[in-house]
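See below for the structure under consideration.
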Amino acid sequence: MIAIRFEHVSKWYPRYHQVLRGFKTSLLHLSETIRSFRQGKFMALDDVSFELEKGETVGLIGPNGSGKSTAMALIAGVLKANSGRVDVQGRICPLLELGAGFHPELTGRENIILNGVLMGLTRQEVLDRMDEIIAFSELESFLDQPLRIYSTGMVARLGFSVAVHLEPDILLIDEILAVGDLHFQARCREKIDEFRKRGVTIVLVSHSTDEIRRLCDRAVWLEQGRVAGEGEPGLLLSRYAERDLPLCGPAAPAPA
Amino acid sequence: MAQRECGASRSMRNSQRTHGSYLKDLLFVLTQKEIKLRYKNTWLGYIWSVANPLAFALIYFIAFGIFMRVQIQNYPLFLIAGLFPWQWLAHSLSAAPNIFLANASLIKKVRFPSNVLVASTVLNAGIHFVFSIPVILGFLLAYGLVPSWSWLVGIPVFVLAQFMSVYGLALAIASLNLFFRDLDRLTSLVVTMLFFLTPIVYSSSMIPAQYQMFVYLNPVAPLMLGWQQLFLAGELNWSLIAASYLYALLFLGVGSLIYQKLSWKFAEVV
């Protein structure tokens, strides 16, 4: 069964969105930039097709501005494709960047309810899961403190704990696992493994090659809005690393 | 077609009714958040929400009542009866341009009914207004007047009309501001202009006869006049109520239409 299908999907932004890619990228790919300016639009995704089977864990790799986040936003349904078709089957749960949907002045407990409802549960459903969420976050002693006293990692833990208890069919993880401490990262990996066993489809955007290698069944490599490769993560990552060497030097496998 | 139940719970897919109860929960949680935030760091929260219109009433009383000698009976009371509901409108509309911007990170990632953010802002200001009605009552009693039973009908009637109007306007402003960021400045200017074009610091009877008709062209005047007559005279003026609802439906319609046409693009431009 197919969970996510992109069929010749293109997404472009009017020219004034060009800066979203970052000036560095624009300058580095000057000919590309000029081409898209001439057309009056910036192609974030250009005729992209791929499929994810239900239960697959797939990593999206590629440099900044290659269209990974746009692809994620299309899956989440917050963006509309300009052409082509995006089919998504099941309930999606995006793992938010740090603190989105949270408020620093509210307590951990209040934030769990706020976040859970924003993500689509009713209040009662959140309250029913409250104990599990708290237990998973291991933040019991901070729960009635305002979020502003939490460390970065603790906020991430709280967010991840809410997200994984929403019982998603599809989990979208955009570069946020790295913030928790080692212990919590290990627990996240456990949870992700558990999700994989349960048949949850996971899309992971990460610049950590380790993470992609360890967690993903497959990887899709995006480059300037096109699919540059697709396949077994290890192989694809080494091809991707080679492509990047002349540009960014050996120390940085992916430009940050 | 694509099944996009972002976040929607399984049970929600089944019926409109459960979707309605989800929206109610979302509105509840967001409004609760606003109210909690207001009272979290300051136990004076309630005082502040009342002090602001009271301070303005005092200033206008000094400027217009004492210095310019505006002849209105119980002028401080008259000012308060208009300023309290006005504050609901003014607060909501001046907050409107930033509602979606302040939640950008959420709108970019999660598909949820973002108009509920606007509704909760307006509802929050409305709740503060309702809780300030006892202060109006207090002033009424201090001037030796008594409230009328018609309040029990009039307050819900005007609260609903004002909520619809303000929500519609705020939704339009919040949506359009993502595309034209200058709307922020324009809004505060228009709100100030509207304030002085609405009979709040002066009474509608002071307007020269040949301009009287223009009062009804001011879309918020029927509401404010309605509140004044209700609070001061205990009167339910049905033509004001009709006019208020006419504008309310208009604003609600226009606001919803604008939101509906633009909201799919929010994540791109926010």
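Scalar couplings 3J(HN,Hα) for the stretch B:26-34, obtained by applying the Karplus form with A = 6.51, B = -1.76, C = 1.60 to θ = phi - 60°, are 4, 4, 4, 5, 5, 5, 4, 4, 4 Hz; x denotes Gly and Pro.
Here, P(r) means the percent of Cα pairs in each 5 Å bin from 0 to the largest distance; for the stretch B:52-269 it is 1, 7, 14, 18, 19, 15, 11, 7, 5, 2, 1, 0.
Structural descriptor for chain B: relative contact order 25 percent, calculated from alpha carbon pairs under 8 angstrom and at least 6 residues apart. Taken one residue at a time, the phi angles of the stretch A:220-225 give Karplus couplings (6.51, -1.76, 1.60, θ = phi - 60°) of 10, 9, 9, 9, 6, x Hz. Gly and Pro are set to x. Across all Cα atoms of the protein assembly as shown, the radius of gyration (one decimal) and Dmax (whole number) stand at 27.3, 86 Å.
In summary, the lysines within cross-link reach of A:Lys11, defined as a Cα separation below 16 angstrom excluding same-chain residues under 8 places away, comprise A:Lys41, A:Lys68, A:Lys80, B:Lys108, B:Lys265.
Summarising the amide proton neighbourhood of A:Ala3: residues at separation of 5 or more, or on other chains, whose placed amide H is nearer than 5 Å comprise A:Leu52, A:Glu53, A:Lys54. Over all orientations, the stretch B:130-221 has a Cα convex hull whose mean projected area works out to 8.1 square nanometres.
Cβ-to-Cβ counts within 10 Å put A:His183, A:His29 in ascending order as A:His183, A:His29, the fewest first. Taking 7 Å steps out from each Cα toward its Cβ at B:His19 and A:Glu53 produces label points 3.4 nm apart. Extension gain for B:Arg185 to B:Ile47 (0.36 nm times residue separation, less C-alpha to C-alpha distance): 46.9 nm. With a 10 Å cut-off around each Cβ of A:64-76, the average count of Cβ atoms from other chains is 2. For A:His103, no residue 5 or more places off, or on another chain, has a built amide H under 5 Å of its own. Counting only Cα atoms, the size of the stretch A:95-205 along its three principal axes is 35, 31, 21 Å, in decreasing order. Using a simple spin-label model with pseudo-atoms 7 Å out from Cα toward Cβ, A:Ala241 and B:Ile72 lie 7.6 nm apart.
Placing a pseudo-label 7 Å from each Cα along the Cα-to-Cβ vector at B:Arg38 and B:Tyr211 gives an inter-label distance of 3.3 nm.
In sequence order, the stretch B:191-199 has phi-based couplings of 4, 5, 4, 4, 4, 7, 8, 9, x Hz under the Karplus curve 6.51 cos²θ - 1.76 cosθ + 1.60, θ = phi - 60°, and Gly or Pro positions carry x.
Cβ crowding within 10 Å ranks B:Leu141, B:Leu178, B:Leu249 as B:Leu141, B:Leu249, B:Leu178, fewest other Cβ atoms first.
Averaging the sequence gap over all C-alpha pairs within less than 8 Å and six or more residues apart, then dividing by the number of residues, gives the stretch B:111-270 a relative contact order of 36 percent. The mean number of Cβ atoms from other chains found within 10 Å of a Cβ in peptide B:101-107 is 3, as a whole number.
Every number in this text was worked out from the coordinates using simple rules, so none of it is lab data. Quick caveat, the model's predicted, so the values are computed rather than measured. Heads up, the Cβs are rebuilt from the backbone with ideal geometry, glycines too, and the neighbour counts pull from every protein chain shown.
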